[in-house]
Protein chains: 2
Amino acid sequence: MNSTAPSLSPADPAALVTGLAEAARLAQRQLAAMPSEARAAALHRAADALRGATANVLAANARDLAAGKANGLSAAMLDRLALDEARLSGIADAVAAVADLPDPVGEVIDSREQPNGLKLQRIRVPIGVIGIIYESRPNVTADAAALCVRAGNAALLRGGSEAVHSNRAIHAALTEGLVAGGVPAEAVQLVPSQDRACVGAMLTASGLIDMIVPRGGKSLVARVQADARVPVLAHLDGINHTYVHAAAGPAMAEAIVINAKLRRTGICGSMETLLIDSAFPQAASLVSALIDAGCEVRGDGRTQALDRRVVPAGADDWDTEYLDAIASVAIVDGLDEALAHITRHSSAHTDAIVTDDHAAAERFLSEVDSAIVMHNASSQFADGGEFGLGAEIGIATGRLHARGPVALEGLTTYKWQVRGGGQTRP
Amino acid sequence: MNSTAPSLSPADPAALVTGLAEAARLAQRQLAAMPSEARAAALHRAADALRGATANVLAANARDLAAGKANGLSAAMLDRLALDEARLSGIADAVAAVADLPDPVGEVIDSREQPNGLKLQRIRVPIGVIGIIYESRPNVTADAAALCVRAGNAALLRGGSEAVHSNRAIHAALTEGLVAGGVPAEAVQLVPSQDRACVGAMLTASGLIDMIVPRGGKSLVARVQADARVPVLAHLDGINHTYVHAAAGPAMAEAIVINAKLRRTGICGSMETLLIDSAFPQAASLVSALIDAGCEVRGDGRTQALDRRVVPAGADDWDTEYLDAIASVAIVDGLDEALAHITRHSSAHTDAIVTDDHAAAERFLSEVDSAIVMHNASSQFADGGEFGLGAEIGIATGRLHARGPVALEGLTTYKWQVRGGGQTRP
């Protein structure tokens, strides 16, 4: 990461991160002790402060964009980095929307009384200090901070060098609003150094940082997963399958497949592999429609026989996340073969079946072991907002703690409260 | 670990563990597809088979005990290792009891319908392949296997060399019963080599083993936590505090403190530090009663002034898990000072307050950030059975996934099932 930004360069990044995390821990305790309405009100003030800082933030963003162009960033990266009034207004709206989400903290998960009179409750509590490591999208600064604060967590943010001025301006505005609302400034901190060793220090800060959420491309996530000693909430790949069963309605199948692949090709919920049952009568027209819609199709032998424009798939294609207008397509003989293919190649993100056969659909929903399994819907719905969660901190494909789109509940844990009347254990 | 046991010595422990884990993964899929009642019935058969193998298991245990004596194992280790008819019957009963526990798999955690008609459900599913690494207690072989199988998980068991013959005999009996009940043999596997490199291979088997549960002493847990790349469910320490508030009833305080410290000193839920409020009028008699009951008290200056038998506490005492008839005792000035002491020194396992003041109790239950917080009860209740969970795979002090006593629910995760009618995302 090149940067023209001035950076603090502490002699010891580990000491810097330790100091930030210890301050975050103290602030988190104060934040957690605030009433839920006070945290919400402070987030509304942060949204207002962000709106009030529009000129500042856009000026900072212009510096980042100029540096990015000078450093030869790609057009796609510059687009991810760029803010304008509308985008910034959307970011502020998102902070306000998170403020209005129901607070999971304090929710009683279960409640029981033992024969000896002990009353037990499990209640949701904040996780603690969340580290967010992200790349060039400055909106993550506000989104992640808002979600963390809503659920009573401190956020330690480490954004990319490309967005350093934008992130600092957004963070300054958020902090102004949060502090005015009674939230300690250290509840949301931006790591002030762009030294990459700070990332390593965050990843190994067991006991200081409770969870790391990486937001960015595959190389960032892979590094975080490889090096982290702190638990990580993430997905590496979205190698998502849509299986068109023999009993799929052809119009629905075509609409779902084209939407799943092409609505937006760069998101993690997009379809990468299409499995078509050999007993589905309209396989040829489905493949042709996908190609006509602008998708390159890399097919197995039987798919190649359906349309001359199909390119032969290589062995790697079944394990490739294209994030582009490309799909791998295989013909399978029945549900069992589809399930076996998915078991072998899925990244456990989102897999879907299209069929009018209820039993086949239920077997697919039961047996496919992915974070999200769908029947007769586009995998592009794999999103916290679309799932009714109001937002998301990310999508997780690990098996523990939280899976699929993760929003406020995934930013909490629980504790056991035991209320007695003097019981001793016999 | 010394052993006279014959061990397979594969050239490559990593290859051995990989092969076992891959077989476990396949078996787990079959296990998860079995109806809940079939898994329960198979566990009952396993319990019966264990009872039927009493002579075999006790003969194997006698070999382990003889080897342990020859190798100079301590009396405490020999006691943990020793089985007799009554203990083995208890182990079989525990397997049967787990079989009868309600199955969490398939439980719908939440259910919602979006305005576009998408129906979303989160349902509990097994975690997958659980690795259990344990020491000399052969009962863990049966307990852990039963809990894993009840919740649809495969278990990969790695017991200590001291118990190798006992573990093999118990595992053989369990397998006989499980297989007769339709469970694949590879759903519960005992690592056949005592090579310590197998433990290292398990700890780093990301993607093959989904979670590791260490069961044993602090050095085992510390090694597992330090080396594991796979998520670990564990607690390292139980540095548990009981705070006797100014408004505590003196008789209740004495009964709870003596029970919390001395009922069993070697369990993780035992009290290690007693905090007495300086405004609690009966501090002297409380300390004297604890000493009279056979506990060594290591106190701060003010505690030393209460009873001549109090030994001065060193700085390390506040961070020491004695697991013995020893307690560190400090006098604190009010709830805030008690909370500050606990924040600094607690291992986040189980902390308790004794008081008749409702507001003080609720503040303690709210602000102490431990897995278990108690009011007017002995910390020795920190146990899955006492919490009504029927059993426990362990007690967790980490912050993610599960905290406190973990039983069947903690051995599950969830997936999102989405049922549509052809929806595509606009």
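Where a number appears in this text, it was derived from the coordinates with a stated rule and is not lab data. Since the structure is predicted, the reported quantities are computational estimates derived from the model, not experimental observations. Reconstructed Cβ throughout: ideal geometry from the backbone, glycine too, with neighbour counts over all protein chains shown.
Annotations for the structure displayed:
- Distances between placed amide hydrogens fall under 5 Å for B:Asn240 paired with B:Glu272, B:Thr273, all partners being 5 or more residues away or on another chain.
- Normalised by the number of residues in chain B, the mean separation of alpha-carbon contacts (under 8 Å, six or more apart) gives a relative contact order of 18 percent.
- Value of relative contact order over the stretch A:240-386, rounded to a whole percent, pairs C-alpha under 8 Å and six or more apart: 33 percent
- Three-way shape label, the stretch A:10-93, alpha-carbon gyration tensor, a/c 1.5: oblate
- Minimum Cβ-to-axis distance in chain A for the rotation onto chain B, with residue, whole Å: A:His401, 2
- Inter-copy label distances at A:Gly182, using a point 7 Å along Cα-to-Cβ, come to 5.9 nm with the shortest given first.
- Around the amide H of B:Val125, modelled in the peptide plane, lie the amide H atoms of B:Gly106, B:Thr413, B:Tyr414, B:Lys415, all under 5 Å away and 5 or more residues distant in sequence or on another chain.
- Antiparallel DSSP beta bridges within chain B, percent to nearest 5: 30 percent
- Mean-square fluctuations from a GNM of chain B, with a 10 angstrom spring cutoff on Cα atoms, peak among B:Gly72, B:Gly177, B:Gly301 at B:Gly72.
- Here the protein assembly as shown carries DSSP beta bridges of which approximately 25% are antiparallel, counting only pairs with both residues inside.
- Our compactness index for the stretch A:304-426, the C-alpha radius of gyration over the empirical 2.2 N^0.38 Å, is 1.50.
- From the alpha carbon centroid of the stretch B:206-231 to that of the stretch A:133-161 is 30 Å.
- Restraint check, A:Lys119/B:Lys218; A:Lys119/A:Lys415; B:Lys218/B:Lys415; B:Lys218/B:Lys261, Cα-Cα greater than 22 Å: A:Lys119/B:Lys218; B:Lys218/B:Lys415
- Gyration tensor verdict on chain B (Cα atoms; rounded if a/c is under 1.5, prolate if a/b is larger than b/c, oblate otherwise): oblate
- Peptide A:366-373, shielding by other chains (average Cβ, 10 Å cutoff): 5
- Among B:Gln304, B:Gln194, B:Gln121, the largest mean-square fluctuation in a Gaussian network model of chain B, built with springs joining Cα atoms closer than 10 Å, belongs to B:Gln121.
- Label zone at A:Thr18 (point 7 Å along Cα-to-Cβ), backbone N below 17 Å, the stretch A:188-212: A:197-210
- The distance separating the Cα centre of the stretch A:20-63 from that of the stretch A:352-426 comes to 29 Å.
- Toward the positive end of the charge dipole of the stretch A:286-426, with +1 on the Cβ of Lys and Arg and -1 on the Cβ of Asp and Glu, the farthest Cα among A:Ala338, A:Val311, A:Phe381 is that of A:Phe381.
- The protein assembly as shown - mean residue ellipticity at 222 nm from DSSP helices (-39,500 (n - 2.57) per run, n ≥ 4, rounded to 500): -12500 deg cm²/dmol
- Close amide H partners of B:Glu386, meaning residues 5 or more places away or on another chain with modelled amide H under 5 Å apart, do not exist here.
- Between B:Ala33 and B:Glu337, the contour length at 0.36 nm per residue exceeds the alpha carbon distance by 104.1 nm.
- Extending 7 Å from the Cα toward the beta-carbon at both A:Ala185 and B:Arg87 defines two label points whose distance is 6.1 nm.
- Counting every other Cβ atom within 10 Å of each residue's Cβ, A:His341, B:His375, B:His165 order from fewest to most as A:His341, B:His375, B:His165.
- Helix axis angle, A:250-262 relative to chain A longest principal axis, alpha carbon, degrees: 50 degrees
- Look at A:His241, B:His44, B:His358 and count the other Cβ atoms within 10 Å of each Cβ; fewest to most, that gives B:His358, B:His44, A:His241.
- Label-point distances for A:Ala66 to the equivalent site in the other copies, using a point 7 angstrom along Cα→C-beta, read 8.6 nm when ranked shortest first.
- Inter-copy label distances at B:His358, shortest first and taken from points set 7 Å along Cα to Cβ: 5.2 nm.
- Neighbour-count ranking [beta-carbon atoms within 10 angstrom, fewest first] of B:Asp12, B:Asp351: B:Asp12, B:Asp351
- Per the Cα gyration tensor, the protein assembly as shown maps to an equivalent ellipsoid with semi-axes of 46, 38, 23 Å, ordered largest to smallest.
- Rounded, prolate or oblate (a/c below 1.5 giving rounded, otherwise prolate when a/b exceeds b/c) for the stretch A:240-386 by Cα gyration tensor: rounded
- The angle between the Cα long axis of helix B:218-227 and the main principal axis of chain B comes to about 60°, on a 0 to 90 degree scale.
- Angle between chain A longest axis and helix A:85-99 axis [Cα atoms, degrees, rounded to 10]: 70 degrees
- Global dimensions of the stretch A:32-189 from alpha-carbon coordinates: Rg and Dmax equal 18.4, 72 Å.
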